[in-house]
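To keep things clear, I will list the structure first and then write my remarks on it.
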Amino acid sequence: MADFREQYVSGNLRSRCTDFLTSDGEKPDRNRDGEFELGPEDTRMRLSRDWAAAWDLLAGTVDALTPEDLGRTVTIRAEPHTVGQALNRHLSHLAYHVGQIVLLAKHWVGADWQTLTIPQGQSKAFTQAKQEQASRPR
């Protein structure tokens, strides 16, 4: 099932990461309000394609940063941020919305949900296996 949050996150990533160091993070061509509505053209395939492209843009933006860039100032909605502050703001915002998407997906899938991390009831075994692996000579 498609959800507008995917469209919103993709739009947010595109806006914030395009020309990250040189233009405001809220692009004038972004239709943020429209991202909260799904139309007939917003198919699972299109949303997935846009989602992947947006995350690739984020990865490329971060990969291109140099140590010198971290102290630079960028703007988001005309508000100045250091690069570090802008990335922290952006990543925490993304984590919030991705958490919403996971919660909804878990709700919609119900009992068939497959955990994204350590399955419930397996924490001790997972930790023990990791500790044993770490203690082995390399």
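Residues in region 43-78 that are more than 18 Å from the chain's Cα centre (by Cα) and among the hydroxyl-bearing types (S, T, Y) were compared, and the one that is nearest to H97 (Cα to Cα) is T43.
Looking at the structure I just gave you, is F20 of a type in the set (F, W, Y) and in contact with a Leu (Cβ under 9 Å, 6 or more places away or on another chain)?
Values: of a type in the set (F, W, Y): yes; in contact with a Leu (Cβ under 9 Å, 6 or more places away or on another chain): yes.
So F20 fits the description; yes.
Restricting attention to region 78-119, the residues that are aliphatic (A, V, I, L, M) and either touching a strand residue (DSSP E or B) at 6+ places or on another chain (Cβ under 7 Å) or over 28 Å from P28 (Cα atoms) (or both) total 10.
The set of residues in region 76-92 being within 15 Å of R14 (Cα to Cα), touching a residue at least 40 places away in the same chain (Cβ under 8 Å) and surrounded by 13 or more Cβ atoms within 10 Å (Cβ to Cβ) consists of I76, A86, H90. So which pairs qualify, if the first residue must be in region 40-60 and closer than 16 Å to R5 by Cβ, the second must be in a helix (DSSP H, G or I) and among the basic types (K, R), the Cβ gap must be under 6 Å, and the two must be at least 6 apart or on different chains? Qualifying pairs under 6 Å: A54/R14. Across region 32-75, the qualifying residues are those that are over 20 Å from V9 (Cβ atoms) and of a type in the set (A, V, I, L, M), and the one among them that is modelled with the lowest pLDDT is L70. Candidates E6, E68, E41, E37: the one that is in contact with a Phe, Trp or Tyr (Cβ under 8 Å, 6 or more places away or on another chain), loosely packed, with under 14 Cβ neighbours inside 10 Å and on the phi < 0 side of the Ramachandran plot is E37.
Number of residues in region 93-129 that are surrounded by fewer than 11 Cβ atoms within 10 Å (Cβ to Cβ), of a type in the set (G, A, S), more than 24 Å from the chain's Cα centre (by Cα) and part of a helix (DSSP H, G or I): the value is 1.
The values are calculated or read from the model by the stated rules, or taken from the named source; none is laboratory data. These numbers were taken from a predicted model, which means no experiment stands behind them. In this analysis, Cβ positions are derived from the backbone assuming ideal geometry, glycine residues included, and neighbour counts consider all displayed protein chains.
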